[in-house]
1. Inside segment 160-207, can you point out the residues that are touching a residue at least 24 places away in the same chain (Cβ under 8 Å) and among the charged types (D, E, K, R)?
2. Checking the structure you have, find out if any residue of segment 106-124 is away from ligand 1 (no atom under 16 Å from the Cβ) and not β-branched (Val, Ile, Thr).
3. Please go through segment 130-179 and pick out each residue that is on the phi > 0 side of the Ramachandran plot, open to solvent by less than 70 Å² (accessible area, probe 1.4 Å) and away from ligand 1 (no atom under 16 Å from the Cβ).
4. All but one of (1) under 14 Å from residue 122 (Cβ atoms); (2) away from ligand 1 (no atom under 13 Å from the Cβ) hold for residue 316; which doesn't?
5. Within segment 287-313, how many residues turn out to be closer than 27 Å to residue 350 by Cβ, more than 8 Å from ligand 1 (Cβ to nearest atom) and not charged (D, E, K, R)?
Amino acid sequence: MEITVEKVLDALRYVDDPDLKKDLVTLNMIRDVAVDGKNIAFTVVLTTPACPMKDMIHNACMNAILHFVDKEAKVKINMTSNVTSKKEKDETTLRDVKNIIAVASGKGGVGKSTIAANLALGLVRQGAKVGLVDADIYGPSQHIMFGVTSDAPGNAVFEGQKKMAPVESYGVKINSVGFMAGPNQVIALRGPMASKALSQLFFDTVWGELDYLIVDLPPGTGDIQISLCSSVPLTGAVIVCTPQDVALADARKGIALFQLEQINVPILGLVENMAWFTPAELPENKYYIFGKDGVKHLAEELNLPLLAQVPLVQSVREASDAGRPAVMQESTTSSDCFIEMAQNIAQQVAIKNASVTLV
Ligand SMILES: Nc1ncnc2c1ncn2[C@@H]1O[C@H](COP(=O)(O)OP(=O)(O)O)[C@@H](O)[C@H]1O
Ligand SMILES: [Mg+2]
């Protein structure tokens with residue numbers, strides 16, 4: 001029996017993407033099928049780089065071909081990825097940015113900036129193109145976490161207009177008011193001016209092509225959050241919270257803001273930060289100093305994904321202060337945790353994008 005491209009595609013219709021719950025052919029994830037005698041080659045285009053299911057999908061494709069087409073086929077599968085987007089076309093500096101993800105919380109000090117930095121770098125470590133806006137206009141911290149306190153955005157031109165070139169650190173393109181104010185300078189901006197400064201960070205920066213632009217938000221549910229939601233096409237929001245009651249109460253408010261009818265930004269899920277404390281000398285011990293599983297329970301109650309439970313460990317704080325976030329370390333408990341968090345968030349983005357385009 002002769003092997004044909006059609007037979008290959010028919011076999012691959014038996015393989016579902018476990019997240020998107022449709023088969024790979026329907027999802028248009030199979031490309032460049034080539035058949036030559038018993039040699040079969042094709043490309044699988046995943047929706048996130050280093051998808052956690054990559055090996056599983058590869059093996060499922062292999063089995064489908066051997067089972068349904070020819071058990072003696074020689075199969076070569078090229079696994080690649082192309083991050084999806086549901087953003088509408090625009091002519092701003094964000095036009096080649098596929099997904100914009102806000103990292104938010106109701107309360108300050110819960111670790112938003114830490115999570116945003118490690119998320120951005122976790123995505124880079126998986127091969128994605130990533131940018132970061134420090135939207136905490138009054139208390140920027142990303143320039144410190146990325147070790148670029150003495151840098152400043154360069155000059156760039158976009159459509160004949162003068163713009164800023166973002167600062168780059170560890171492969172992440174960053175812009176922040178932190179680059180414009182000295183360390184002892186207070187940033188005194190009233191509401192409308194703060195919103196304008198925020199808008200400049202997005203629209204006066206030449207971002208180029210990005211898979212993900214991460215936005216580190218200030219705490220609360222005020223001007224900055226509302227003007228961000230109305231002026232920037234957000235893909236979704238990640239809510240960071242500690243398991244403590246006062247933080248949970250504020251997180252509910254943060255979530256409610258994004259879910260308001262006139263705002264309507266999808267919640268990608270919750271990150272429980274400082275889920276437990278683990279001292280360096282007792283790495284097996286967990287102390288639930290802010291309470292246990294508070295965010296996990298909130299996620300269950302609101303039917304939202306729990307994206308990660310990140311422990312409170314001294315090295316995470318030290319890494320941020322030293323300008324080299326913890327996710328950059330090789331296989332420590334916290335770097336593994338941040339990588340997994342980044343994968344889960346990329347996965348949720350892919351699911352949100354698919355649920356809109358594939359009805
Ligand atoms: N998982 C963690 N382990 C250790 N320290 C952390 C962790 N998350 C945050 N921190 C520290 O807690 C403080 C507040 O975190 P930050 O990210 O600045 O919070 P936010 O942006 O929400 O105000 C910082 O000193 C940070 O280094
Ligand atoms: Mg912060």
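1. Hits for segment 160-207 are 163, 173, 204.
2. Looking for residues that are away from ligand 1 (no atom under 16 Å from the Cβ) and not β-branched (Val, Ile, Thr), one finds at least one in segment 106-124, hence yes.
3. If the condition is that a residue be on the phi > 0 side of the Ramachandran plot, open to solvent by less than 70 Å² (accessible area, probe 1.4 Å) and away from ligand 1 (no atom under 16 Å from the Cβ), then 171 is the only one that fits.
4. Failing condition for residue 316: (2).
5. Qualifying residue count, segment 287-313: 12.
Residue-wise test of (1) of a type outside the set (D, E, K, R); (2) surrounded by 15 or more Cβ atoms within 10 Å (Cβ to Cβ); (3) closer than 30 Å to residue 130 by Cβ.
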residue	(1), (2), (3)
17	no, yes, yes
26	yes, no, yes
30	yes, yes, yes
46	yes, yes, yes
53	yes, yes, yes
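The values are calculated or read from the model by the stated rules, or taken from the named source; none is laboratory data. Remember, predicted model here, so these are calculated numbers, not experimental data. Note that each Cβ is placed from the backbone with ideal geometry, even for glycine, and that neighbours are counted across all protein chains shown. The area values use the complete protein model at the heavy-atom level, side chains included, leaving out ligands, DNA and RNA. Shrake-Rupley method; radii C 1.70, N 1.55, O 1.52, S 1.80 Å.
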